[in-house]
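Where a number appears in this text, it was derived from the coordinates with a stated rule and is not lab data. Because the structure is a prediction, the values reported are computed rather than measured. So basically every Cβ, Gly included, is an ideal-geometry build from the backbone, and we count neighbours across all protein chains shown.
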Amino acid sequence: MKLVYVHIPFCSSICTYCDFCKLYYDKTLIKTYLKALELEIMNIYNGEPIRTIYIGGGTPSVLDMEDLKHLFEILKIFSCQNLEEYTIECNVEDIEEEKLKLFKNNGINRLSIGVQTFNPKFLKILGRNYTYESVSNAIEIAKEEEFTNISIDLIYGINGQTIDDLKTDLTKLLKLDIPHVSLYSLIIEPHTKLYINNFKDLDEDLNASMYEWINEILMDNGYNHYEISNYAKEGYESKHNLVYWHNEEYYGFGLSASSFIQNKRIDNTRSLNHYLEGSYKLNELELTKREMMENEMILGLRLTSGVNKNHFYSLYGKKIEDVFDLQNLLENKLLIDDGINIYIPSDKFFISNSILIEFID
């Protein structure tokens, strides 16, 4: 066990594209939620040394100083002597000196900032409200507080967005001089505001062209494209997310959080009432060996390095090519087998979902 994810579902506003489990900020409700979170951790955590902690949401940074201090006291339950990466998600408007000092004093060494775009037109569509200048100022404040490991999220593929709009966002991104970027094509999920308002998807060909431009521009500027949607300067790959993609075990605490423990996938309830009553678990599925091998491929092939053949054999006692029929994928150059790793070539990343589905029995 290497990883802990903690879900803080509260937000000051609800973004139009977000389908994560979230609630409007409520001071009284936060206090009740944190008590329930502490009980869940105490009931389930078995004391293993933890390598990474990720506080996500929602918007964890929306909590005030009192509640943030309470949260960090709760998280001291974890055995953190070997902790390498401790991340908290932040909104631009929440980044200020007092909170950053609190983060630093409690071991946070990585900030993940939800930006999505710098274009006012598309910020409005996504339900965000800030300027490029406010983003730049927030990152400068973070750097002054000696946060060097900073990641930002961007969204592309918004209906109405052009290649020039994308290039402008990427130019502004590069000026921020941060070591990690996650770029996601907009997916209009059911039950989101965009879905309810019948917002349309961007043309697929234009979306693919945008992905190619992102790869070219970021890689030309020193970013390693290490996962389908993630780019990092050397040494700044997300250690937390690599645990997911390596199909290793992890704890998830909080409303809607997921865990992978002893070959079991466990999903927490999205019902706040159930969670506060101590009924944390929504469902639990014990995976077969076949399902474990499928997950190993589906998750590992998201990485540009792919799946190591020897590692797969050491885990499952079988060769990848003896478990899965790879012939058509290899012949059509949708997969590459270099003798050591099996991976998706970079020019096929945009259609990776159609490749990964081939590994589901």
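Numbers below:
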{"item": "Note, ³J(HN,Hα) from phi for segment 181-195, Karplus 6.51, -1.76, 1.60, rounded to Hz, x at Gly and Pro", "result": "9, 10, 10, 10, 6, 4, 10, 8, 8, x, 6, 8, 4, 4, 5"}
{"item": "Peptides 221-231, 199-209 ordered by average Cβ neighbours within 10 Å, highest first", "result": "221-231, 199-209"}
{"item": "Segment 3-243, relative contact order in percent, only Cα pairs under 8 angstrom and at least six apart counted", "result": "19"}
{"item": "Long-range amide H partners of SER79 with built H, under 5 Å", "result": "ILE50"}
{"item": "Using θ = phi - 60° and Karplus 6.51 cos²θ - 1.76 cosθ + 1.60, couplings along segment 22-39 (whole Hz; Gly, Pro as x)", "result": "8, 9, 5, 3, 8, 4, 5, 5, 4, 4, 5, 5, 5, 5, 5, 4, 4, 5"}
{"item": "Simple spin-label estimate for ASP203 and THR168 in nanometres, 7 Å along Cα-Cβ", "result": "1.9"}
{"item": "Kirkwood Rh and Cα Rg combined as Rg/Rh, the chain", "result": "0.95"}
{"item": "Relative exposure of VAL4, VAL181, VAL323, judged by other C-beta atoms within 10 Å (fewest first)", "result": "VAL323, VAL181, VAL4"}
{"item": "For segment 32-100, radius of gyration divided by Kirkwood radius, i.e. Rg to Rh on alpha-carbons", "result": "0.97"}
{"item": "Fewest-first ranking of GLU189, GLU98, using other Cβ atoms within 10 Å as the exposure measure", "result": "GLU98, GLU189"}
{"item": "The chain - share of DSSP beta bridges that are antiparallel (%, nearest 5)", "result": "40"}
{"item": "Cα Rg, Dmax (largest Cα-Cα span) when computed across segment 253-323, Å", "result": "16.0, 47"}
{"item": "Candidates GLY317, GLY160, GLY107, ranked by Gaussian network fluctuation over the chain, Cα under 10 Å, top entry", "result": "GLY317"}
{"item": "Amide H contacts of ILE8 (H built 1.01 Å from N, under 5 Å, at least 5 apart or other chain)", "result": "GLY56, GLY57"}
{"item": "Cα-based reach from LYS172 at 25 Å (exclusive), listing lysines while leaving out same-chain residues under 8 positions away", "result": "LYS121, LYS124, LYS143, LYS233"}
{"item": "J(HN,Hα) series, segment 84-97, from Karplus relation 6.51 cos²θ - 1.76 cosθ + 1.60, nearest Hz, glycine and proline x", "result": "9, 9, 9, 10, 10, 7, 9, 8, 3, 5, 8, 7, 8, 4"}
{"item": "Likely footprinting exposure, CYS90, CYS18, fewest C-beta neighbours within 10 Å first", "result": "CYS18, CYS90"}
{"item": "By average C-beta atoms within 10 angstrom, highest first, the peptides 55-63, 327-335", "result": "55-63, 327-335"}
{"item": "Gap separating the Cα centres of segment 109-178 and segment 284-299, nearest whole Å", "result": "36"}
{"item": "Cross-link pairs beyond the 28 Å C-alpha cut-off, checked among LYS264/LYS309; LYS193/LYS264; LYS2/LYS69", "result": "LYS193/LYS264"}
{"item": "Residues with amide H under 5 Å from that of ILE113, placed H, sequence gap 5 or more", "result": "CYS90, SER151, ILE152, ASP153"}
